[in-house]
Amino acid sequence: MTARAMESDRQEAINVATQWQLMWWRFRKHRLAMTSLVIVILIYLVALLAEFLAPFTPDEFQADYTYAPPQRLHLFLETENGLRFQPWVYGYKVEIEEEALRRVFVPDEEVIHEIGFFVSGVPVTLLGFLETDRHLVGPKDPEAPMFLFGADKLGRDMLTRMIYGTRISMSIGLVGVALSLILGILLGGLSGFLGGQVDNIIQRVIEFIRSVPTIPLWMGLAAALPTDWPPLRIYFGITVILSFIGWTELARVIRGRFLALRTEDFVIAAHLDGVGQMRIILHHMVPSFLSHIIAALTLAIPNMILAETSLSFLGLGLRPPIVSWGVLLQEAQNIRTVATAPWLFSTGGAVFIAILALNFVGDGLRDAADPYAR
Amino acid sequence: MLRYVLRRFLLMIPTLFGISIIAFIIIQLPPGDYLTTVIAQLSAAGDLVEEDVIAGLKAQYGLDRPMHVQYLKWISNILLRGDFGTSFEWDVAVGDLIWSRLGLTVTLSVATLLFTWAVAFPVGIYAAVRQYSWGDYFFTGIGFVGLAIPNFLLALVLMYVAFKYFNQSVGGLFSPDFVEAPWTWARVQDMLGHLWVPMIILGTAGTAGLIRIMRANLLDELRKPYVKTARAKGLSELRLLLKYPVRVALNPFVSTIGLTLPILISGSAIVSVVLSLPTSGPLLLRALIAQDMYLAGSFILMLGVITVLGTLLSDLLLAWLDPRIRFDD
Amino acid sequence: MPVERQLSAEDLLLEVRDLHVHFPLDEGTVKAVAGVDFDVYRNRTLCVVGESGCGKSVSAQSILQLVDRPGRIVQGQIRFHRHDADGSVTVTDLAALRSSSRALRAIRGRHIGMVFQEPNTSLSPIHTVGNQISEVIRLHLGEDEEAARRRGIEMLERVGIARPAQNYDAYTFELSGGMRQRVMIAMALVCSPALLIADEPTTALDVTTQAQIMSLLQELQADFGMGVMLITHDLGVVAEMADDVVVMYLGQVAEYGDVDRIFHAPAHPYTKALLRSIPNLDFDQDIRLDSIRGMVPDPFHRPAGCPFGPRCDEVIEGRCEAENPPAFSLGEGGSVRCLHYEEVALS
């Protein structure tokens, strides 16, 4: 094929591409967003398969190992037959620090704990129906200590708890955004489509909500949740509170799109052709701004996660026994505790990566949502 | 201009009303009312609660009346007599507790706002004028990092570093000698010495956001034809940059106060808890946990009012800066 | 290259020679201006005409190096002849200066004034008219606030703005589009430049205002004796305003000559097609207006050979696809880039 023919083929492909294809092509060019998308997908996979991926269960504890520091993971083991691939860690031994007179854990170089794949451990239910006692990684000897990210004050494995926390924190983002979306579409759509007085009132309400400092308001509402509620209900209560304030941004985007589209030629043309109101909205308007909404949704998720983390950190959001990133970070609230056990911060790293990746994906989507704009 | 100011003031009234409603709802939310809590406390302390005391309290707070009467009673007490009710936990008038803390909250928020601006404005200009340069990427990167770290985590990390490596405690707003001292110049200086830590923590995310806003606005403005006109007049690049696009981009920048201020006040609540600052945050948190609802409600009310006033000021500033708004009525 | 005409060299203001302006983009390099020559003389109006995208605006803006990034002059000369009061002439190659250099800035607004297409967006929305005018006066003539104000108001009056003293303190959004364009013209001419470049000054205005602005320009030219370079896509404007005409197509000068010759004996097939496409009151009502076949090619894919070849009715098979014709002289300073005129030029 000649270069020119290839060029015209490419042109042809662009001409007939659907909006989603165009968006995907544009998104794909955004390298940072693509990398972030992979990370986000991985994080959600972790949330989905927490039971299998985590070496233990979040409440499993080994009282002998409170605040045990993270172990260094060694990948190759020296045997008589030379090096072979066999991950392992040293055991712990306790020493008394002279000055502070406190117990510290140091690696015990005499003891080697081998780490295996698909080891059997505590039985868990995967995806809600798969009964298994297999975990992706874990010590071959179930009694052996393995704390790759260290242990908390009860001797629970931080890595395990972080993995389980992923599920709550990442899902609260999704659920909260879904709730916000319903409110946002309903009110933003009404506002943009009906215009006039309805629009005016809804806009005032949005302005009002946005002008109130959110964290004190969240704190006030979250504190009102009865302490004796079961964890699941608290979870939903918090989600409702977060989305009660979070919907405004989505409503603003949706309204803006509706207003912009109302005067677009293709919508007017559909009107003139006698297409029904509902059909115009569903077949002509919604598809053309769906991409924008998806971008706005993606950008709303990190805010939800941050809000949950902040509230739980303050002790007003989710509470143990629920394990979320915020709950885990609450344990790092006391600076003296953190000074002796800095690995309690590791959850902060997870929050950071998740928020950053979601922001990049959202930015990429927003840029890609306008395939015709420069 | 006068009409604009007037209209802006009128618009503020429903917002303030809405905030007072929300604060009132929050006060009412926990199960049981104020009196139940008081009686429970008094009985717990072993005191006998006399019927007429209860009746007196009931009448004072209008608790035997329907909800809207209670609201009216509450709000008119605040508006007419500055009486915010009593804190059960501290057993003093709420008014005595909140003012100094609100004052410090405002000080911290305004200081942070100024810090945010002082950094974001020049950096935003730089990033726009040198778009896609090394510096632009650097600041964009810092910006993203700033957006992705929750305030409280940043505070924790900073405290950790200070504690671990400098053996210093960075919490608080005053040195021990000045905590209870009356306001003097020395105390102000002492406070300024402590203020920068929460200011940076609180300001990082906002600065990052503002840099992005300033950069985007200025990039838009730089493409506008009037820049070319100014260039065709023979103005030097720096002069035309500052006089035209930067000046025009300043307006949306100023209007972000309205968005930034709630975020700062909101964020200061949580940062203050971590750094144990004598601002509203920690006391509000304590009040909420102890269900000291008049105190908590008053904080939420007043923080909302401060935000609304701040937004009003920024709108007036904007109108003063931008003739298009002034004339548009 | 245009041959010297009867016009005296003393009146020469601007010589543009072999100008190339490129826009290096991700998708490829756009050669917006690909070898353009023309001259502008004192007291004469040069009209540059062509379809949108032909590079006429870029040519005009590159004279003061105002082309938007990433566009830049890659080749050629822009020789500006500065006539001083004592009769001496200094020649500066504007293309060789840095775009932010002091030398170029001293010429912008002082010796060469410029008027843009969109009066609505070409003026700052948040500065008063007076602020924007007096700025030029103070910058180039070094006058104080007071004197600048007097001169500014005088200039506003000169361009036909009613109540000039009042409107001097007005914001531009308080003025109509036509008024704003008058303000733009006042701003461009307030330092009495020798050359005015007007880049489609009336495109954004309604027809009556257009006519007013055009006659204002003619009047001012008569008063100030300046050279005018007028960019337009409107052949009506050309007929009314021009002394000399440059017809541009795809970044090249298709044809150059004086206005009478261009209208009465167009040489280039593109010029002929352009002239056929304007309505004429003398024609019969039922004659359809011709439009030019095809579309302006994609800027990334310039046709090989003559750029107008793919749309031309007079293609010479086998040659036009292969050769990009050079400019052939038509005598009297006129020239044309078309192989049909090879022999004419030789003879």
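The values are calculated or read from the model by the stated rules, or taken from the named source; none is laboratory data. These figures come from a predicted structure and were not determined experimentally. Cβ: placed from backbone, ideal geometry, glycine included. Neighbour counts: every protein chain shown.
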(message) With the structure loaded, tell me whether B:SER314 is more than 7 Å from every other protein chain (Cβ to nearest Cβ), hydroxyl-bearing (Ser, Thr, Tyr), under 22 Å from B:ILE201 (Cβ atoms) and part of a helix (DSSP H, G or I) or whether it fails that test.
(response) no
(request) Output the number of residues of the stretch C:239-248 satisfying the condition of being crowded, with 23+ Cβ neighbours inside 10 Å and outside any loop (DSSP other than H, G, I, E, B). (result) 5
(request) Run A:GLN71 past the list (1) of a type outside the set (Gly, Ala, Ser); (2) within 25 Å of A:MET170 (Cβ to Cβ); (3) outside any strand (DSSP E or B) and report the number of the one that doesn't hold. (result) (2)
(request) Search the stretch B:248-286 for residues being among the hydroxyl-bearing types (Ser, Thr, Tyr) and part of a helix (DSSP H, G or I), and hand back the single one that is farthest from the other protein chains (Cβ to nearest Cβ). (result) B:SER255
(message) Regarding the stretch C:81-94, can at least one residue be identified that is aliphatic (A, V, I, L, M), touching a strand residue (DSSP E or B) at 6+ places or on another chain (Cβ under 9 Å) and buried (at least 22 other Cβ atoms within 10 Å of the Cβ)?
(response) yes
(message) Take B:PHE152 and tell me if it is of a type outside the set (A, V, I, L, M), at the interface with another protein chain (Cβ under 10 Å from one of its Cβ atoms) and within 20 Å of A:LEU329 (Cβ to Cβ).
(response) yes
(message) Would you confirm whether or not the stretch C:69-85 contains a residue that is polar (S, T, N, Q) and part of a strand (DSSP E or B)?
(response) yes
(message) Quick test for you: out of A:ILE209, A:ILE201, pick the one residue that is without any contact (Cβ under 8 Å) to a residue 60 or more places away in the chain, within 14 Å of chain B (Cβ to nearest Cβ) and farther than 30 Å from B:ALA287 by Cβ.
(response) A:ILE201
(request) Just give me the residues in the stretch A:88-120 being farther than 19 Å from A:GLY150 by Cα and within 37 Å of the chain's Cα centre (by Cα), in sequence order. (result) A:PHE117, A:PHE118, A:VAL119, A:SER120
(message) Looking at A:LEU306, A:LEU356, A:LEU329, can you tell me which residue is facing another protein chain (nearest Cβ under 9 Å), closer than 13 Å to A:MET158 by Cβ and modelled with pLDDT of 85 or more?
(response) A:LEU329
(request) Could you tell me which residue of the stretch A:222-232 is surrounded by the fewest Cβ atoms within 10 Å (Cβ to Cβ), considering only residues that are part of a helix (DSSP H, G or I) and more than 7 Å from chain B (Cβ to nearest Cβ)? (result) A:LEU232
(request) Filter the stretch A:142-157 down to residues that are assigned to a loop (DSSP other than H, G, I, E, B) and among the hydrophobic types (A, V, I, L, M, F, W, C) and give me whichever is farthest from A:ALA332 (Cα to Cα). (result) A:ALA144
(request) State yes or no: is C:LEU123 farther than 26 Å from C:MET214 by Cβ and either among the acidic types (Asp, Glu) or facing chain B (nearest Cβ under 8 Å) (or both)? (result) no
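The rows are residues; the columns are (1) assigned to a helix (DSSP H, G or I); (2) modelled with pLDDT under 80.
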| residue | (1), (2) |
| --- | --- |
| A:LEU183 | yes, no |
| A:GLY189 | yes, yes |
| A:ARG210 | yes, yes |
| A:ILE234 | yes, no |
| A:ILE241 | yes, no |
| A:VAL267 | yes, no |
| A:GLY274 | no, no |
| A:HIS283 | yes, yes |
| A:HIS292 | yes, yes |
(message) Given (1) surrounded by fewer than 18 Cβ atoms within 10 Å (Cβ to Cβ); (2) part of a strand (DSSP E or B), identify the lone condition not met by C:ALA254.
(response) (1)
(request) Name every residue in the stretch C:155-171 that is hydrophobic (A, V, I, L, M, F, W, C), within 22 Å of B:ARG324 (Cβ to Cβ) and out of contact with any Ser or Thr (no Cβ under 8 Å at 6 or more places or on another chain), in order of residue number. (result) C:LEU156, C:ILE161
(message) Looking for something under 30 Å from B:LEU218 (Cα atoms), at pLDDT 85 or above and of a type in the set (Val, Ile, Thr) - is there at least one such residue anywhere in the stretch B:89-106?
(response) yes
(request) Kindly check whether there is at least one residue in the stretch C:105-124 that is of a type in the set (Gly, Ala, Ser), outside any strand (DSSP E or B) and surrounded by fewer than 21 Cβ atoms within 10 Å (Cβ to Cβ). (result) yes
